[in-house]
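The structure under discussion appears below in the form of structure tokens.
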Amino acid sequence: MSILTKRLRPRRTVAIAAASVAVAMAAAGCGGGGSGTPGTPGGAGVPGLGGTGVVDQAVYDAAPVAADADIPAGSTMEKIRQRGKLLVGGSLDAPLLSQQDPVSGKVEGFDASLARLLAKYIIGRPEVETVTIGTQTREALLRARSVDTVFQTYTITPERATQIAFAGPYLTSGLAVAVKKENTTIHGVQDLAGRKVVVGTNTPAVTALPTAAPGSEQVAFATDPQAVQALLQGRGEAYVQDFTLLASNAKVNPGMKVVGQPFTTEPYGIGLNRDDAQFKEFVNNWLTKIQADGTWARVWQATLGTVVEGGAPTPPAIGSAQGS
Amino acid sequence: MNPFSGYLTELGHGLVTTVELTVVTTIAALLLGVVVATLRICPVPLLRTVGLVYVEVLQNLPLLALLVLFVFALPQLGITFPLFTSAAIVIAAYEGAYFAEAIRAGINTVGVGQAEAARAIGLTFSQSLRYVILPQAFRAVIQPMGNISIALLMNTSLAAAVGVVELTQTANNVNLVEAQPLLIFTGAGLAYMLLALLIGLVTGRLERRLAIVR
């Protein structure tokens, strides 16, 4: 301490310091608690999970298991079986697709259930270890074999197919438009030209918007709850995101509504290592099996079917997307 | 398409935003740092407490939490800043606490005799600070302040999470189309490294010219 403060009685300085530390800690505690709030209002806890959104245990019990003949020695499938669990790259914050229940710690949703069914098919038990990955690193993790598969609304594109392999598509979805409840000027993507639009970082909306709504200005947020909050706070006039995600958001959030029909077709694939044609064929065979025996439709009905009306759709044909 | 040549305009815009954010924020954080450091050594106990609380609160909260809080909680109270402004304010406030501590460390290196002599010739607190203490204090902590500036540059990448389209966000967007994460993020990393080296070079030069050899 310089002479400027030394002039004061030192004992008092210590007391002041202690008191201010206490104040600072109390303030820090308040701030830390508050930082949780911005995420919650948009996400409103765990939509769909609880009664609905969780696939029945009976579906897993009835799901098929691969015959030993399908798992040759030295194959990826055999390594997974010996390890006793499937390493899945996925999200923990996508409602109805792959969302972690903060209480039980279990990951539930369409993607998460399919991953567990694939684990059951290979190992005999639905044992999955979900590795939380960012959308930026999926290709790198698959190439490094840090994960066996990626179930993460992973749109099949020819560019991505040069890096990794896609099994499937296992689900087709599309981008749609959501606006605030009181908005009456925007009826679909055609009305977005030249407007400010909220999107999610690293979602297909970032690349689809420039052609679908020329001149629109994007405001990108890292997570879906943040984007919903940004829409409700007027940082953009509309929020463009996957239709099912928007539908589940609108269900728990009376302040927003989905307008118009999906305006793109996004074929979602299961990301795999590119040099493993055997594993890709194996996963495709499994997909064909669970689509034929009705497991796929049951999983869809229990998850996405809780917000999308009209019953389970026809699953997309394996290999129908360019790049799969 | 080649991930770099095809997107040079976008990546360039991102880089410019990063540089803008860094420059604006560094200046603001430095000014704030001087003010807070002054508070922490001033003779009024209440103001010293204010300075201490400021530093402890800002240093002990994660920057990302502060950013998210500022961007999403303030509009609930009816105050909405543009995203770039929000990010600049939060990063400046956060790094200001670190600058304040560095400057205070600098002030402590100035000999007690200097302050005593300043007061003895009749300078007021603020005069002795301005003409005697701070000019010497700054010279002692040029390197630490350079390090904080580099940390600040790296921290600007967190602004991507709240919608500021800077270098990291641009790299994300390019990667979304090209699916070449290793290449694109290595490129973005190199750009950050070059900027950091530039800051290091400038502070190194400044230190050689200005440091007091004791």
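Structure notes:
- Residue list for segment A:71-118, filter: farther than 28 Å from A:D224 by Cα, of a type outside the set (S, T, Y) and surrounded by 15 or more Cβ atoms within 10 Å (Cβ to Cβ): A:I71, A:M77, A:I80, A:R81, A:K85
- Against the list (1) touching a Phe, Trp or Tyr at 6+ places or on another chain (Cβ under 7 Å); (2) more than 29 Å from A:S146 (Cα to Cα); (3) at pLDDT 90 or above, the condition A:A238 fails is (1).
- A:V177 satisfies every condition listed in (1) closer than 24 Å to A:T288 by Cα; (2) touching a residue at least 60 places away in the same chain (Cβ under 8 Å); (3) more than 14 Å from chain B (Cβ to nearest Cβ) except (1).
- Scanning segment A:139-146 for any residue that is free of Cβ contacts under 8 Å to residues at least 12 places away in the same chain and touching a Pro at 6+ places or on another chain (Cβ under 6 Å) turns up at least one such residue.
- Among residues of segment A:68-110 being touching a residue at least 60 places away in the same chain (Cβ under 8 Å) and in a helix (DSSP H, G or I), the one that is farthest from A:Q278 (Cα to Cα) is A:F110.
- B:L198 vs. criteria touching a residue at least 24 places away in the same chain (Cβ under 8 Å), in a helix (DSSP H, G or I), of a type outside the set (D, E, K, R) and within 29 Å of B:Q59 (Cβ to Cβ): no
- Search result, residues across segment A:111-136 that are without any contact (Cβ under 8 Å) to a residue 40 or more places away in the chain and either within 14 Å of the chain's Cα centre (by Cα) or not assigned by TED's automatic domain parsing to the domain that holds A:E281 (or both): A:A112, A:A115
- Condition check for A:D275: charged (D, E, K, R) and under 14 Å from the mean Cα position of the chain (by Cα): no
- Any hit, segment B:151-167, residues being acidic (D, E) and either without any contact (Cβ under 8 Å) to a residue 12 or more places away in the chain or touching a Gly at 6+ places or on another chain (Cβ under 6 Å) (or both): yes
- Test: B:L46 is over 24 Å from B:S126 (Cα atoms) and either touching a residue at least 40 places away in the same chain (Cβ under 8 Å) or within 11 Å of another protein chain (Cβ to nearest Cβ) (or both): no
- Condition met for B:L39 (more than 8 Å from every other protein chain (Cβ to nearest Cβ) and either touching a Phe, Trp or Tyr at 6+ places or on another chain (Cβ under 8 Å) or not acidic (D, E) (or both)): yes
Here is a yes/no grid of residues against (1) of a type in the set (A, V, I, L, M); (2) in the same structural domain as A:T155 (by TED's automatic domain parsing); (3) crowded, with 23+ Cβ neighbours inside 10 Å; (4) within 22 Å of B:A160 (Cα to Cα):
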residue: A:T184; (1), (2), (3), (4): no, no, no, no
residue: A:T207; (1), (2), (3), (4): no, no, no, yes
residue: A:T211; (1), (2), (3), (4): no, no, no, no
residue: A:A222; (1), (2), (3), (4): yes, no, no, yes
residue: A:A238; (1), (2), (3), (4): yes, no, yes, yes
residue: A:K251; (1), (2), (3), (4): no, no, no, no
residue: A:Q278; (1), (2), (3), (4): no, yes, no, no
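- Evaluated against (1) within 13 Å of chain A (Cβ to nearest Cβ); (2) buried (at least 18 other Cβ atoms within 10 Å of the Cβ); (3) assigned to a helix (DSSP H, G or I), B:L153 falls short on exactly one condition, (1).
- Matching option when the condition is small (G, A, S), more than 14 Å from chain B (Cβ to nearest Cβ) and closer than 30 Å to A:G294 by Cβ, among A:A193, A:A161, A:A212, A:A167: A:A167
- Checked against the criterion of being under 29 Å from B:L63 (Cβ atoms), within 12 Å of another protein chain (Cβ to nearest Cβ) and surrounded by 17 or more Cβ atoms within 10 Å (Cβ to Cβ), the candidates B:V132, B:V164, B:V141 yield just one match: B:V164.
- Residue check for B:V55: under 15 Å from the mean Cα position of the chain (by Cα) and either over 23 Å from B:E20 (Cα atoms) or assigned to a helix (DSSP H, G or I) (or both): yes
- Which listed residue, of A:G51, A:G84, is out of contact with any Leu (no Cβ under 9 Å at 6 or more places or on another chain), more than 30 Å from A:G134 (Cβ to Cβ) and either away from chain B (no Cβ under 14 Å) or modelled with pLDDT of 85 or more (or both): A:G51
- Conditions (1) assigned to a helix (DSSP H, G or I); (2) under 19 Å from the mean Cα position of the chain (by Cα); number of the one not met by B:L61: (1)
- Pair list, Cβ under 8 Å, 6 or more apart: segment B:103-120 residue within 8 Å of another protein chain (Cβ to nearest Cβ) and among the charged types (D, E, K, R), other residue part of a helix (DSSP H, G or I) and loosely packed, with under 14 Cβ neighbours inside 10 Å: none
The values are calculated or read from the model by the stated rules, or taken from the named source; none is laboratory data. What you see is a predicted model, and the numbers here were worked out from it, not measured in a lab. All Cβ positions, glycine included, derive from the backbone under ideal geometry; neighbour counts span all protein chains shown.
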